[in-house]
1. Tell me, in nm to one decimal, what length is gained between Asp108 and Ser70 on full extension, where the rule is 0.36 nm per residue of separation less the Cα-Cα distance?
2. Place a +1 charge on the Cβ of each Lys and Arg in the chain and a -1 charge on the Cβ of each Asp and Glu, then give the dipole magnitude about the Cα centre in debye, rounded to the nearest 20.
3. Using per-residue counts of other Cβ atoms within 10 Å, averaged over each peptide, order 176-184, 125-133 from highest down.
4. Please compute the net charge surrounding Gln179, taking Lys and Arg as +1 and Asp and Glu as -1 over other residues with Cβ under 15 Å from its Cβ.
5. Can you give the calculated 222 nm mean residue ellipticity of the chain, where each DSSP H run of n ≥ 4 adds -39,500 (n - 2.57) and the sum is split over every residue, rounded to the nearest 500 deg cm²/dmol?
6. Which distance in nm do the two modelled labels at Ser51 and Asn2 give, with both placed 7 Å along the Cα-to-Cβ direction?
7. With each pseudo-label sitting 7 Å past Cα toward Cβ, what's the Thr13-Lys146 distance in nm, one decimal?
8. Nearest 10 degrees, 0 to 90: what angle lies between the long axis of helix 125-137 and the longest principal axis of the chain (Cα atoms)?
Amino acid sequence: MNPNIEQITDFATQGDDDSQVKLGLLYLYGVGVEHNYELAKKWFDEAAKKSNRDAEYNLGVMYEYGDGVSQDYKLAAEWYQKSAAQGRANAQYNLGNFYANGTGVPQDYNLARSLFEQAAAQGHADSEYNLGVMYEYGDGVSQDYKLAAEWYQKSAAQGHASAQFNLGILYVKGLGIPQDYNLAKSFFEQAAAQGHENAEIIISQLAP
């Protein structure tokens, strides 16, 4: 066994929760050790007993996707809730999606928005994008193109291709922001550079 992994295993066995999470991830992805869902879950469970938010998040992922466990959205939501309450942005985002779609929890757009806002406050680009979508289409909020544009801008600045594309559309239509074909084209080009097919199609239709 790799000496570094031996050291992580020793620390994990001694009860260090960060090492338990690291070891769980190594088994989850089969890095340096043989891929083993059972051992991954064992170490995440150990760390979660100490309320380690990363362990709670990873258990949520395992239950959401059925990785080595029976798929269980309700349990996934419970683990995401524990992690989200401790400020883990990815957990807040995943739980927000659960509430937006009614997956494992009753559909609740207000809670979804609140969770996306908490993650967005930490610069989580996907959450910023989701907030943009909610305000653009009025999903559980009053439709507000200006707020949609602001959230897309934050996400686009981090390289989120779909946010760049949607922001480009708002510039073309002049919704929430002044109409500006040059800026629209710039955002479409940024999205297309990341392989966003719709952006590539739109660019071909814009006047040079």
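Just so it is clear, none of the values below were taken in a lab; they were calculated from the coordinates. Keep in mind it's a predicted model, so treat the numbers as computed, not measured. Neighbour counts are summed over all protein chains in view; Cβ atoms, including those assigned to glycine, are modelled from backbone coordinates with ideal geometry.
1. Numbers: separation 38, 0.36 × 38 = 13.68 nm, distance 2.52 nm.
Here the answer is 11.2 nm.
2. Working: 14 positive and 27 negative charges, 84 e Å.
Charge dipole of the chain: 400 debye, to the nearest 20.
3. On the way: 176-184: 14.8, 125-133: 24.2.
The packing order, highest mean first, is 125-133, 176-184.
4. Neighbour charge sum, excluding Gln179 itself: +2.
5. Working: 12 runs with 146 residues, N = 208.
The helix-only estimate for the chain comes to -22000 deg cm²/dmol at 222 nm.
6. So the label points at Ser51 and Asn2 sit 3.2 nm apart.
7. Going from the Thr13 label point to the Lys146 one covers 6.3 nm.
8. Approximately 40 degrees, to the nearest 10.
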